[in-house]
Amino acid sequence: MDSLSVVFYRFMNLGHPKSPVRATLEGALTAAGGRAVRSFQTNGTVLFAADDPEGVVAAAGRQLEAEAGYTEVAMVRSLDSLVAALDGSPFQGHVDSRTYRETFTFFDGGRPVQLPLPWTNKKGDVDLVALHEGLALCVVRGNASRAGNPNAEVERLTGVPATTRTSGTIERLVKAANRG
């Protein structure tokens with residue numbers, strides 16, 4: 001079986017201005033050498049197989065810019081790393097009645113985050129509960145109209161772009177790949 005990767009595109013919303021439609025997104029990754037390309041939901045999360053996942057995503061990025069005007073960053077992770085991050089119920093003990101969402105925030109590079117964990121931002125609406133290489137697991141407090149922003153907190157801490165998905169999205173992605 002091919003080793004699977006996932007690409008998380010920042011600020012992509014399929015079919016909206018400056019974002020491709022699903023066929024364009026999947027076609028760009030396939031043309032760049034991706035196999036078994038499957039866009040998951042509409043938020044720029046794509047499961048695929050490739051010998052050189054980073055190279056495939058870089059080549060696809062050029063086509064996405066030319067065809068759809070999409071110029072944001074993309075973060076590539078192995079499916080195995082997502083399975084490992086989910087292992088052991090990472091949010092357990094951090095969720096309470098104020099919890100709105102549990103999130104995975106992806107970033108590449110930047111300043112090292114050297115905080116005692118769990119860490120809570122000044123507003124008290126984002127808890128950083130775990131850090132992995134290029135991944136911050138956060139608990140967001142609030143509600144749909146007024147919730148914390150883990151993306152902004154991770155970008156402030158690291159100094160690099162980030163993109164966030166809910167833990168539910170990651171769990172469904174892993175299950176769809178027959179790994180969960």
Legend entry - Heavy-atom accessible area ranking, 1.4 Å probe, most first, across Val83, Val7: Val83, Val7
Legend entry - GluC sites (Glu not before Pro) within the range 71-180: DSSP coil, no more than 14 neighbouring Cβ in 10 Å: Glu133
Inset, instruction - Would you mind classifying the range 105-180 by shape? Square roots of the alpha carbon gyration tensor eigenvalues, ordered a ≥ b ≥ c; an a/c under 1.5 is rounded, otherwise it is prolate if a/b is larger than b/c and oblate if not. - result: oblate
Legend entry - the range 1-105: C-alpha gyration tensor shape, a/c 1.5 cut-off, then a/b vs b/c: oblate
Inset, instruction - Taking the Cα centre of the range 1-149 as origin, work out the dipole magnitude from +1 charges on Lys and Arg Cβ and -1 charges on Asp and Glu Cβ, in debye rounded to 20. - result: 660 debye
Legend entry - Accessible surface, the chain, averaged per residue in Å² (probe 1.4 Å): 51 Å²
Legend entry - Apportionment of accessible area to carbon and sulfur, the range 16-59, percent (1.4 Å): 56 percent
Legend entry - For the chain: relative contact order, % (alpha-carbon pairs under 8 angstrom, 6 or more apart): 21 percent
Inset, instruction - For the range 17-78, list log₁₀ I(q)/I(0) at each q in 0.28 Å⁻¹, using the Debye formula over Cα point scatterers of equal strength and ignoring solvent, two decimals each. - result: -1.39
Inset, instruction - For the chain, just list the percent of Cα-Cα distances falling in each 10 Å bin from zero outward, please. - result: 10, 37, 36, 16, 2
Legend entry - Theoretical gain in end-to-end length, Asp87 to Arg62 [0.36 nm per residue, Cα-Cα removed]: 5.5 nm
Legend entry - Over the range 94-134, volume per residue of the alpha carbon convex hull, in Å³: 86 Å³
Legend entry - Distance (nanometres) between label positions extended 7 Å along Cα→Cβ at Asp80 and Glu171: 2.5 nm
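The values are calculated or read from the model by the stated rules, or taken from the named source; none is laboratory data. All figures in this text were calculated on a predicted structure; none of them were measured in a lab. A quick note on method: Cβ atoms are made from the backbone with ideal geometry, for glycine too, and the neighbour counts reach across all protein chains shown. To get the accessible areas, we keep the full protein, side chains included, count just its heavy atoms, and leave off ligands, DNA and RNA. Shrake-Rupley method; radii C 1.70, N 1.55, O 1.52, S 1.80 Å.
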